[in-house]
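> Provided herewith is a single structure, encoded as structure tokens, for subsequent inquiry.
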Amino acid sequence: MLVVKNDHYQIVIARGTKGIIDLTRDARVFPWYDKDCGWCHSGFLKGGQRIAKKLKHTLDKTKPVIFTGHSLGGALSLIAALKLSALNYNVFKWVGIASPKLFLFRGRKFLKFSTKNYRNKGDIIPTSPRLYSHDYAVIQLGYSGLLNIDDHAIDEYIESLENHYE
């Protein structure tokens, strides 16, 4: 996790899956309830709660915070944003890049800030796990085509985002 601050914003950036601990977190798909997030993917929920706890000692409550992350990092950063928003941090926006599905149902009611998630071409990760939903806007980059893992690489997303916003 990386925190970048300037005079106007604080930006929290979370990385994607890396190593066995993250793979275990990805695989913990059973739903778990949290009063600030609702019913969520338990692995993502527990990881996001841990990040939020660390961020309480780093972020200024009064300055707007933007959360972002790729893949697992997108899911964890959204949970952290929800947890800190419930503690009255000034959460301004969450932008997911290839974030997997997170909410079991009705997660939208917990989202009090701007949210969007990007899906590149046929990237399979934002379509899973099947039991869950996004409950926020998913912006398709390029033709969706067949589901695959090749379109999931962060370099592929950077190229598609550059083309999308030219």
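> Please name all residue pairs, on different chains or six or more residues apart, with Cβ atoms under 7 Å, provided the first residue is in the range 103-129 and is closer than 13 Å to S85 by Cβ and the second residue is surrounded by 15 or more Cβ atoms within 10 Å (Cβ to Cβ) and of a type in the set (K, R).
F113/K93; S114/K93
> Identify the residue in the range 96-130 that is part of a helix (DSSP H, G or I) and touching a helix residue (DSSP H, G or I) at 6+ places or on another chain (Cβ under 8 Å) and, among all such residues, is farthest from K46 (Cα to Cα).
Of the residues in the range 96-130, the ones part of a helix (DSSP H, G or I) are 107-110, 125-127.
Narrowing further to those that are touching a helix residue (DSSP H, G or I) at 6+ places or on another chain (Cβ under 8 Å): 110, 125.
On the way: F110: 17, I125: 19 Å.
Selected residue: I125.
> Look at D36 and say whether it is more than 19 Å from F110 (Cβ to Cβ), of a type outside the set (S, T, N, Q) and either assigned to a loop (DSSP other than H, G, I, E, B) or touching an Asp or Glu at 6+ places or on another chain (Cβ under 6 Å) (or both).
Criteria not met by D36.
> Among what's in the range 52-74 and is in contact with a strand residue (DSSP E or B) (Cβ under 7 Å, 6 or more places away or on another chain) and assigned to a helix (DSSP H, G or I), pick the residue that is nearest to T127 (Cα to Cα).
Restricting attention to the range 52-74, the residues satisfying the condition of being in contact with a strand residue (DSSP E or B) (Cβ under 7 Å, 6 or more places away or on another chain) are 55, 58-60, 63-70, 73-74.
Filter once more, so that each one left must be assigned to a helix (DSSP H, G or I): 55, 73-74.
On the way: L55: 29, G73: 16, G74: 14 Å.
Once the filter is applied, the top-ranked residue is G74.
> Within the bounds of the range 150-164, is there any residue that is part of a loop (DSSP other than H, G, I, E, B) and either more than 15 Å from G96 (Cα to Cα) or in contact with a strand residue (DSSP E or B) (Cβ under 8 Å, 6 or more places away or on another chain) (or both)?
no
Every read-out reported here was derived from the displayed coordinates using simple, explicitly stated rules and does not represent laboratory data. Everything quoted here is computed from the prediction, not taken from an experiment. We place every Cβ from the backbone using ideal geometry, glycine too, and count neighbours over all the protein chains shown.
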